Amino acid sequence: MKTIYHPAASRGYADHGWLKSNHTFSFANYHNRDRMNFGVLRVINDDQVAGGEGFGTHPHNDMEIISIPLEGDLEHRDSMGNGGIIRKGDIQVMSAGTGVTHSEFNANADRPIKFLQIWVFPREKGVEPRYGQMHIADYAKPGDFQQIVSPYPEDAGMWINQDSWFHLADFGAGVKKTYALKKPGNGVYLFLISGEAKVGDQILHQRDGYGIWNTESFLLEATEKAEILLMEVPMELR
């Protein structure tokens with residue numbers, strides 16, 4: 001098993017006034033040649049947007065974009081005609097494919113929104129753009145791995161154009177669970193949303209990241225109440 005540890009304080013940071021963002025991997029003005037990606041996992045941005053502010057209409061192509069609100073309400077509009085609000089307990093997925101434009105704004109003027117913005121390189125380029133969102137909290141599995149993303153439309157959670165599986169782990173203190181990887185050649189990147197957890201001898205604190213590969217499984221333990229995002233992705237870029 002190989003591992004890589006990214007403490008929360010080691011992330012890139014940008015303060016644009018209306019937007020405060022921590023970058024796990026190189027993004028925009030933050031460039032670190034040792035922190036470009038983890039396999040096909042390209043971006044994990046931990047964003048906080050001020051009330052009434054947001055990202056104006058801008059383009060994407062050939063990228064799988066996953067947004068997970070942690071606090072507040074995020075309003076979405078795109079060139080495919082989709083629009084709506086996502087909140088904590090929801091997940092949003094957009095396959096940019098051949099090209100799409102979209103905007104994301106804080107739907108509230110009086111308080112910030114906090115959300116994770118995650119980019120994954122697609123398995124196939126040039127696909128038809130697609131948008132989806134769902135309330136994943138309805139299917140919560142406390143003390144277990146809750147699948148929220150997979151490669152299959154008929155599977156639990158949302159689906160993306162990549163051989164990737166995302167799970168949320170909402171563990172009480174002392175809960176231990178073995179995660180078995182779904183596909184050979186994949187790795188798992190853990191992002192600790194809150195609390196404290198342990199893999200092997202490595203203790204993880206809030207907003208730490210930890211990559212694991214060259215293994216079929218690993219044991220995850222919550223040393224105190226913890227919410228953890230597990231992102232299983234192919235390690236080989238094609």
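Figures for the structure shown
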{"read-out": "Rg/Rg_globular for the range 11-136, with Rg_globular taken as 2.2 N^0.38 Å and Rg from C-alpha atoms", "value": "1.02"}
{"read-out": "Principal axes of the range 66-159: Cα extent on each, largest first, Å", "value": "39, 35, 19"}
{"read-out": "Under Karplus coefficients 6.51, -1.76 and 1.60, residue-wise ³J(HN,Hα) of the range 79-93 in Hz, glycine/proline x", "value": "6, 8, x, 8, x, x, 10, 10, 10, 4, x, 9, 9, 10, 10"}
{"read-out": "Largest-first ellipsoid semi-axes for the range 183-238, taking √(5λ) over the Cα gyration tensor eigenvalues, angstrom", "value": "22, 12, 8"}
{"read-out": "Whole-Hz couplings from phi, Karplus 6.51/-1.76/1.60, listed for the range 19-30; x for Gly and Pro", "value": "10, 10, 9, 9, 10, 5, 10, 3, 7, 6, 7, 8"}
{"read-out": "Value of D in µm² per second that Stokes-Einstein yields for the chain, Kirkwood Rh from Cα pairs, at 25 °C (0.890 mPa s)", "value": "136"}
{"read-out": "Selection from I113, S103, N37, by position along the positive dipole direction of the chain (Cβ)", "value": "N37"}
{"read-out": "Whole-number D in µm²/s for the range 138-234 (Stokes-Einstein; Kirkwood sum over Cα pairs; 25 °C, 0.890 mPa s)", "value": "183"}
{"read-out": "The range 138-234: relative contact order in percent, alpha carbon pairs under 8 Å with at least 6 residues between", "value": "32"}
{"read-out": "Residue-wise HN-Hα coupling along the range 107-122, computed from phi with Karplus coefficients 6.51, -1.76, 1.60 (Hz; x: Gly, Pro)", "value": "6, 10, 7, 9, 7, x, 10, 10, 8, 9, 10, 10, 10, 10, 4, x"}
{"read-out": "Order of F171, F55 - criterion: other Cβ atoms within 10 Å of each residue's Cβ, fewest first", "value": "F55, F171"}
{"read-out": "Within straight-line cross-link reach of K177, aspartates and glutamates at Cα separation under 18 Å, skipping those fewer than 8 residues along the same chain", "value": "D144, E196, D201, E216, E221, E224, E227, E232"}
{"read-out": "Share of pairwise Cα separations in the range 93-204, more than 19 Å, in percent", "value": "57"}
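Only the coordinates and a few stated rules stand behind these numbers; no lab work does. The structure displayed is predicted, hence computed values, not measured ones. Neighbour counts run over all protein chains shown; Cβ positions are idealised from the backbone, glycine included.
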